[in-house]
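The values are calculated or read from the model by the stated rules, or taken from the named source; none is laboratory data. As the structure is a computational prediction, the values presented were derived from the model and not from experiment. Cβ coordinates were reconstructed from backbone atoms using ideal geometry, including for glycine residues, and neighbour counts include every protein chain displayed. Keep in mind that these areas ignore ligands, DNA and RNA; they rest on the heavy atoms of the full protein, side chains included. Shrake-Rupley method; radii C 1.70, N 1.55, O 1.52, S 1.80 Å.
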Amino acid sequence: MATSISVSRLLSSSSSVAKPLRSPTSAFTAPLSFTRSLAPNLSLKFNTRRSSSVSTTRSFATTITSAISVGDKLPDSTLSYLDPTTNDVKTVTVSSLTAGKKTILFAVPGAFTPTCSQKHVPGFVSQAAELRSKGVDVIACVSVNDAFVMEAWRKDLGVNDEVMLLSDGNGEFTGKLGVELDLRDKPVGLGVRSRRYAILAEDGVVKVLNLEEGGAFTNSSAEDMLKAL
C-alpha cells in the first residue's frame, strides 16, 4: 500500500534531502533515492502552507519557518561593519540600505565556512558589475558574526567595494526574518546562525526571495539573482 507524506517544515540542516524552495509557495517532489530508502512505492507530497496540520493517516506536516514573503516590507534592523580606514565599528540600518534603491541582501551561515567562502560570496563579487548594470544599487552579505570577524573575512577573500560584508552579530535581523538556523547540536558548535538566502528588494519591498534549506546552496547564487532581474 502506497504511503503519502505531507511535509511543509524543512529541516534546518544543509544535509537535508529535499531541494530548497524558490519561494514560500512553490512545491516539489523528493528525490527517488529518498523514497526508495523508506519503503517501496512510497511517494512524498510537499505542502508549503503556512498553517501546520497533522494528518490522521500515516503522514505528518509542519510549517516553513519564515516570517518574510514576497511582497512584504523588510523589517528594519541595525547591522554593523568595521571601517577599514579607522578600525571603528560603524552601523547601517536595513531601511537606509534599501530605501529608494534596488538592493540584494544575501545571507550565509558563517564567515570562513567552506561554501560561503569558496562559492557564495565570490560569486557575487565576480558578478557585481553585471548585477549593477541591471539596476542593482547595493549588494550586501549578512552573517551572524561580529564586525571584526566580517572584516577579517573581507580581507581574506580580497573583497573591495563589490559587496558589503555586514554583521548581524546578535541575530536580530535574522530573527525578524524568521530564518534562524540552529546549529547548536552540530560538532563544530556554530550556535544559532542564519539560513542561506538571497533577497531582491525594491524600496525595501521583497520582490524575489530565494530561501535555502538550511545551509544548502542551490538557488541563492549571484547567477540565480541575475536570472530574476
Under 6 Å by Cβ, and 6 or more places apart or on different chains, what pairs join a residue from region 74-94 that is more than 13 Å from Val149 (Cα to Cα) with one that is among the acidic types (Asp, Glu) and outside any loop (DSSP other than H, G, I, E, B)? Ser77/Glu172
Boolean, Asp161 is among the charged types (D, E, K, R), in a loop (DSSP other than H, G, I, E, B) and under 15 Å from Leu97 (Cβ atoms): yes
Quick one: is Gly71 open to solvent by 40 Å² or more (accessible area, probe 1.4 Å), assigned to a loop (DSSP other than H, G, I, E, B) and touching a strand residue (DSSP E or B) at 6+ places or on another chain (Cβ under 7 Å)? yes
Starting from residues that are open to solvent by less than 10 Å² (accessible area, probe 1.4 Å) and not in a strand (DSSP E or B), keep the ones in region 205-229 and report whichever is nearest to Leu190 (Cα to Cα). Gly214
Could you tell me whether Thr115 is among the hydroxyl-bearing types (Ser, Thr, Tyr), touching a residue at least 40 places away in the same chain (Cβ under 8 Å) and either closer than 13 Å to Ala198 by Cβ or assigned to a strand (DSSP E or B) (or both)? no
For region 144-153, enumerate the residues that are open to solvent by 40 Å² or more (accessible area, probe 1.4 Å) and under 19 Å from the mean Cα position of the chain (by Cα). Asp146
Just one of the numbered conditions (1) under 22 Å from Thr93 (Cβ atoms); (2) in contact (Cβ under 8 Å) with a residue 40 or more places away in the chain; (3) part of a loop (DSSP other than H, G, I, E, B) is not true of Asn145; which one? (2)
